[in-house]
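Here is the structure we will look at.
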2 protein chains.
Amino acid sequence: MARKTGSHSEITGPRIRAEAMKLFARHGFAAVSMRQIAAAVGLQAGALYLYTPDKEALLFDLLKDHMDGLIAAWQEKRGGESPVGALETFVRFHIRYNGERPEAVFLSYMELRNLSPENFAVIEGLRRAYETELENILKAGQAAGAFLVPDTKLATMAIIAMLTGVNTWFREGGRLSRATVEDIYWDMVRKAVSG
Amino acid sequence: MARKTGSHSEITGPRIRAEAMKLFARHGFAAVSMRQIAAAVGLQAGALYLYTPDKEALLFDLLKDHMDGLIAAWQEKRGGESPVGALETFVRFHIRYNGERPEAVFLSYMELRNLSPENFAVIEGLRRAYETELENILKAGQAAGAFLVPDTKLATMAIIAMLTGVNTWFREGGRLSRATVEDIYWDMVRKAVSG
DNA sequence: ACGCTAACTGAACGCACGTTCATTATCAAA
DNA sequence: TTTGATAATGAACGTGCGTTCAGTTAGCGT
């Protein structure tokens, strides 16, 4: 085995994904060329194919990694709390985790249609799994009498849309801090599902 | 003046916009070619340039028409009601109007970045004007003691994100009717802004 | 010092893109 | 029936696309 220390491939792969994420998020998957990505990394276009079989796989990897990370982080965070406590944990987790990865979140909502049907199904399945986590909290709270929600699936979609929407307007260093935003959103969600 | 009755241009123009809307919404602006649009209408690509100066203007017209229509429809709907009544009117209006135009709404949220800075500013301004309508309702309700919202701008964004999110999952003929969805969302919004 | 291989280049492939334009078909008005 | 504008064609323009691949560079292990 040659080239262990200082191997470029362990550096170049992540850099390609990072630059691709930035460019896809900024201009859209279809509007970004392999040559643009390569130039951002400092390579010729052909070199990208040492790291990805094609352009779509590059997008898929970004989306898959994001969803896996999201779900794994939530599995670590969730506890055996009461329904209200669990909902608060979810709300704060979702705002914080997504707030730290605006580009990945943006991609995950905008570029799904550029995936093949098979890859689309994978990402869609992961998203559904994540949504189910919230729905289970709502179901448990409804059963325990802690929440009053006529339809848990609808409430799930409403809450997630509301929380994810933070990314469309929140700017670091703006009028409100992340913590304040978390507090206010949690207050709105809490009231929205209460009796 | 020749060609009055049966003039094609009065038919072809709208048909181009309709097919462009469908294709842009389905595949994304950058992924749709002028040749695809032309083929959907039954023309050669060159003929499109009798109706639009370029591809971006086609997108801009669609977005501008949508926003103008949205704001005009709201101006007709709004009345001199109480804050709670006005908020209910807004919630039901937003869900219904956007629900009837899923493609235009989708475009308005996804393809803004394909506009030139000048055109982007126009659409952004219209969107802000629409958001201000909701914020003014919340401000009035807060002042009158009908609502308890720590930050009206934040509540505005949260409510709009939640309502617009309906389009991502609602399907005609599904488990819930439009009217039921309206009712449940209004209930959640009402509780979320209450004291 | 040398061989080996991972890492990358640069040119090329065929194709599709947005846009332009000379030409042609169509049809109302005269 | 002629006229003249409107509506549309179809070929062409230069450009950039995703992807492939033979060849070149660089650096570790021996």
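The values are calculated or read from the model by the stated rules, or taken from the named source; none is laboratory data. Since this is a predicted model, take the numbers as computed values, not measurements. Don't worry about glycine lacking a Cβ; one is built from the backbone with ideal geometry, like all the others, and counts go over all protein chains shown. Note: areas computed on protein heavy atoms with side chains; ligands, DNA, RNA excluded. Shrake-Rupley method; radii C 1.70, N 1.55, O 1.52, S 1.80 Å.
Can residue A:25 be described as more than 12 Å from DNA strand C (Cβ to nearest atom), in a helix (DSSP H, G or I) and more than 14 Å from chain B (Cβ to nearest Cβ)?
Answer is no for this residue.
Looking at the structure I just gave you, is residue B:131 assigned to a helix (DSSP H, G or I), within 17 Å of residue A:166 (Cβ to Cβ), charged (D, E, K, R) and more than 12 Å from chain A (Cβ to nearest Cβ)?
no
In region A:106-119, how many residues are outside any loop (DSSP other than H, G, I, E, B) and closer than 19 Å to residue B:167 by Cα?
Final tally of qualifying residues: 7.
Kindly establish whether residue A:156 is open to solvent by 10 Å² or more (accessible area, probe 1.4 Å), at pLDDT 95 or above, among the β-branched types (Val, Ile, Thr) and part of a helix (DSSP H, G or I).
No.
Matching residues to (1) modelled with pLDDT of 95 or more; (2) of a type outside the set (D, E, K, R):
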{"position": "A:135", "(1), (2)": "yes, no"}
{"position": "A:143", "(1), (2)": "yes, yes"}
{"position": "A:152", "(1), (2)": "yes, yes"}
{"position": "A:167", "(1), (2)": "yes, yes"}
{"position": "A:191", "(1), (2)": "yes, no"}
{"position": "A:195", "(1), (2)": "no, yes"}
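Mind listing whichever residues of region A:28-54 are within 14 Å of chain B (Cβ to nearest Cβ) and in a helix (DSSP H, G or I)?
Scanning region A:28-54 gives A:29, A:30, A:31, A:36.
Please tell me if residue A:117 is over 16 Å from the mean Cα position of the chain (by Cα), within 9 Å of chain B (Cβ to nearest Cβ) and open to solvent by 60 Å² or more (accessible area, probe 1.4 Å).
When the stated conditions are applied, residue A:117 does not pass them.
Can you find a residue that is assigned by TED's automatic domain parsing to the domain that holds residue B:119, open to solvent by 20 Å² or more (accessible area, probe 1.4 Å) and farther than 17 Å from residue B:130 by Cα anywhere in region B:11-22?
No, region B:11-22 contains no residue that is assigned by TED's automatic domain parsing to the domain that holds residue B:119, open to solvent by 20 Å² or more (accessible area, probe 1.4 Å) and farther than 17 Å from residue B:130 by Cα.
Do we have residue A:161 as open to solvent by less than 40 Å² (accessible area, probe 1.4 Å) and hydrophobic (A, V, I, L, M, F, W, C) here?
Yes: the conditions hold for residue A:161.
All but one of (1) open to solvent by less than 80 Å² (accessible area, probe 1.4 Å); (2) near DNA strand D (Cβ under 9 Å from one of its atoms); (3) modelled with pLDDT under 95 hold for residue A:34; state the number of the condition that does not hold.
If we test residue A:34 against (1) open to solvent by less than 80 Å² (accessible area, probe 1.4 Å); (2) near DNA strand D (Cβ under 9 Å from one of its atoms); (3) modelled with pLDDT under 95, just (3) comes out false.
Restricting to region A:166-195, name every residue that is within 10 Å of chain B (Cβ to nearest Cβ), under 27 Å from residue A:140 (Cβ atoms) and touching a residue at least 12 places away in the same chain (Cβ under 8 Å).
A:166, A:181, A:185, A:188, A:189, A:190, A:192, A:193, A:194, A:195
Looking at residue B:146 and the list (1) more than 9 Å from chain A (Cβ to nearest Cβ); (2) under 18 Å from residue B:85 (Cα atoms); (3) in a helix (DSSP H, G or I), which single condition is not satisfied?
(3)
In region A:41-63, what count of residues is obtained for those that are free of Cβ contacts under 8 Å to residues at least 40 places away in the same chain and open to solvent by less than 40 Å² (accessible area, probe 1.4 Å)?
6
Which of the residues spanning region B:66-88 are under 18 Å from residue B:159 (Cβ atoms) and in a loop (DSSP other than H, G, I, E, B)?
B:78, B:81, B:82
Residue check, residue B:129 against (1) crowded, with 16+ Cβ neighbours inside 10 Å; (2) under 26 Å from residue B:193 (Cα atoms); (3) of a type in the set (A, V, I, L, M), all met but one. Which one?
(1)
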